[in-house]
């Protein structure tokens, strides 16, 4: 039977803004690990950076379960072998 791996994402959408765009710091928490990561977007909009993060997670096989735009926290899942 296929199981699910879950992760929690918390992000700070305005980690940095300069002439080259915006930096978004986020933390990814899985049962095995907690990672502090960063993503960069050329677009100065925090929503564009969050959208890029969501697209990258989707490319890695993560499916959105729920996302709260008020707190910028989301729960994602992906199948485990």
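The values are calculated or read from the model by the stated rules, or taken from the named source; none is laboratory data. Source: prediction; values computed, not measured. So basically every Cβ, Gly included, is an ideal-geometry build from the backbone, and we count neighbours across all protein chains shown.
Structure notes:
- Taking residues in segment 34-55 that are loosely packed, with under 12 Cβ neighbours inside 10 Å, and partners anywhere that are modelled with pLDDT under 80 and assigned to a loop (DSSP other than H, G, I, E, B), the pairs with Cβ atoms closer than 8 Å and at least 6 places apart or on different chains are 42/20.
- Per-region count, segment 1-16, residues modelled with pLDDT under 75, within 18 Å of the chain's Cα centre (by Cα) and either surrounded by fewer than 15 Cβ atoms within 10 Å (Cβ to Cβ) or over 15 Å from residue 52 (Cβ atoms) (or both): 3
- Residue among 70, 66 that is loosely packed, with under 10 Cβ neighbours inside 10 Å, in contact with a strand residue (DSSP E or B) (Cβ under 6 Å, 6 or more places away or on another chain) and either on the phi > 0 side of the Ramachandran plot or without any contact (Cβ under 8 Å) to a residue 24 or more places away in the chain (or both): 66
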